[in-house]
Amino acid sequence: MLGRARGFVTGRPTSQKVGGGVAAALLASAPFGGLAGVPDPGPEPITAGKAIMVGPYKVVVDKVVELPDLKPAVSPSPRQRVIVLDTHVTLTGDRPEYAGTLTNNVAVSGGGVKTVERPRLYFVEDSTAMTSFNPGLTYRLALTYVTSGPWQGDAVTVTSNLVEFREEDKQTLDPDAWVARDEVQWQGTLPLVRRP
């Protein structure tokens, strides 16, 4: 029996022998993940001073700062703190967009505390609220998060969801909209600057 099998294998063309060898190697490595698919590459890195895209917005996070307040715009309780992403934001599209597309899709985490309200955007120069963007303009903005207490540690993890343009959807009355996916597209750990 072994002689017949050996004769069958030696009589096969080289391409079939190689293919059989590869198949045998894959089957042998299957218990160790040999047949597993290629893993997803994971989120792209966020670094200070480097632009990322959040839907139609080009966002550059220059630094992350912890403050007791950002008066008159943000006045948390005495035990709470404000985490500020000091950013430059440009709307790259060709139509005005609401700020919610940005604020709803950028989050901070770590530090042993929670954010206690939705993030908000303010102009750095005068602390007035930013609610909508005009295309082609770059704004220096404070993206603010009120936290339940002082941040623990010297770094903040910043994440951004994947936001895609939906031209038309039969299930909604809101065509031509930017829609967030439940998937982190960008993530990075940035140093925290504390200000009294």
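The values are calculated or read from the model by the stated rules, or taken from the named source; none is laboratory data. All values derive from a computational prediction rather than experimental measurement. We place every Cβ from the backbone using ideal geometry, glycine too, and count neighbours over all the protein chains shown. These accessible areas exclude ligands, DNA and RNA; they are computed on the full protein's heavy atoms, side chains included. Shrake-Rupley method; radii C 1.70, N 1.55, O 1.52, S 1.80 Å.
Within 10 Å of each candidate Cβ there may be at most 14 other Cβ atoms; applying that plus a DSSP loop requirement, which trypsin sites (Lys or Arg not before Pro) in segment 87-186 survive?
Here the sparse-neighbourhood loop sites are 114, 170.
In segment 49-194, carbon and sulfur make up what percent of the accessible area (probe 1.4 Å)?
Its accessible area is 48 percent carbon and sulfur atoms.
What's the extension gain from residue 159 to residue 58 if we count 0.36 nm per residue and subtract their Cα-Cα distance?
34.9 nm
Dividing the convex hull volume of the Cα atoms of segment 38-168 by its residue count, what figure in Å³ per residue is obtained?
129
If you stretched the chain out fully between residue 50 and residue 177, how much longer would it get, using 0.36 nm times the residue separation minus the C-alpha to C-alpha distance?
Taking 0.36 nm per residue and subtracting the Cα distance, the gain is 43.1 nm.
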